[in-house]
1. Using just the Cα positions, wrap segment 106-222 in a convex hull and report its mean projected area in square nanometres, one decimal place.
2. Compute the distance in nm between two label points, each set 7 Å from the Cα along the Cα-to-Cβ direction, one at Ser236 and one at Ser38.
3. Under 15 Å Cα-Cα from Lys150, which aspartates and glutamates qualify once same-chain neighbours fewer than 8 residues away are excluded?
4. Kindly report the accessible area of segment 94-244 per residue (heavy atoms of protein chains, probe 1.4 Å, no ligands, DNA or RNA), in Å².
5. On full extension of the chain, what length is gained from Arg93 through Glu111, given 0.36 nm per residue of separation minus the C-alpha to C-alpha distance?
6. Check which residues have an amide H placed less than 5 Å from Cys183's amide H, if you skip close sequence neighbours.
7. Once you've got the GNM for the chain with C-alpha springs shorter than 10 Å, pick whichever of Ser139, Ser212, Ser94 has the biggest mean-square fluctuation.
8. For segment 265-281, in order, what is each residue's ³J(HN,Hα) by Karplus, 6.51 cos²θ - 1.76 cosθ + 1.60 with θ = phi - 60°, in whole Hz (x at glycine and Pro)?
Amino acid sequence: MYLYITSRSEPETELIKAECFAITGVYPDENGIAIKNSESQHGNYTDVSRSAYIKLCMQVILQANELPNLYKILDNADIKSDQFRVSVIKIPRSIKAHPQEIMHQVGLRIEGKPDLTNPKTEFLVVITEGNVWLGEVLSKSDGLWEAHQKKTQQFSSALPTRFARAVVNLVAKPGDKIIDPCCGSGTILIESASMGIKSLGCDINSLMIWASMRNIRDFGLDVPLAIIDARIIKGSFDAVITDLPYGRSCPSSENLYYEILTNSLNLAPRSAIVAGMDISELLLQLRFQVQYVIAVPKGSLVRYIHVSDSDLRLET
């Protein structure tokens, strides 16, 4: 059994759930915990290092309904490990339990030598109302999106880096080939390329391509860029991921969206399209197979993420 812990944020709740499912195949509960049963799901372990909102994955060793029972089970479990550390997560944090005492009690019941500074194995105790799990941490989010916030070329209309990383994860994985036909300053490209996704960026605005180039190079990434109209791009990709132009400096146009999206359908079977309005009716009109739409508010702005997976591959 694998247990995944996600971040919890009210505005991004649906995005967090969608990213968790896209990466792990399971949804988190109200505590931000997703559990994958290895027996029924072929024992597939998912590395969550690329995730924006999944904090970690651990393999469950023991489960109990309360701490005293966990200790009793642990007494007979014969767990051995050298250079280990024990950590504790309480959900919610208001649960009356003392992390230091829990770490001490669990550590006493593991045969081996602890190493709090440079552990080879990290054991984690997760406590909720009614459940306690002990497991071994297998992977954690690398948090690269945080470093990517410090772009040289900043624009107020650009997507937040964490948001962009999650959007990429909805439709692409390492090894895939994606295109952002309205790449702007390169936020989506930076997130996708840093995850090992082959990426291509295009924009009709040469200043945006220059900004993308600067930002991408600053992070040591290599992404081909082209000054080209999104309405005439040709090629074959696994996914189209883009933030359509909108805002004061880039007023949206239904006709412009129609032309960009008509061409996008020719480029890839999957897509994650971000817009400043719900354009699902337009996408359906164009024969996109819209799976779901997520609205993510931020202040007065609401961004809509439209995720499609189409069986239609038109000839290019």
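1. On the way: hull surface 43.3 nm².
Reported value for the Cα convex hull: 10.8 nm².
2. 3.9 nm
3. Leaving aside aspartates and glutamates fewer than 8 places away in the same chain, those within reach of Lys150 are Glu191, Asp218.
4. Values: 6970 Å² over 151 residues.
Counting only protein heavy atoms, the per-residue value for segment 94-244 is 46 Å².
5. On the way: separation 18, 0.36 × 18 = 6.48 nm, distance 2.88 nm.
Using 0.36 nm per residue and subtracting the Cα-Cα distance, I get 3.6 nm.
6. Cys202, Asp203
7. Ser94
8. Coupling constants for segment 265-281: 4, 7, 8, 7, x, 10, 7, 10, 10, 9, 8, x, 8, 7, 10, 4, 5 Hz.
The values are calculated or read from the model by the stated rules, or taken from the named source; none is laboratory data. Predicted model only: the values in this text are computed from it and were never measured. Neighbour counts are summed over all protein chains in view; Cβ atoms, including those assigned to glycine, are modelled from backbone coordinates with ideal geometry. Calculation scope for accessible area: heavy atoms of the full protein, side chains included, ligands and nucleic acids excluded. Shrake-Rupley method; radii C 1.70, N 1.55, O 1.52, S 1.80 Å.
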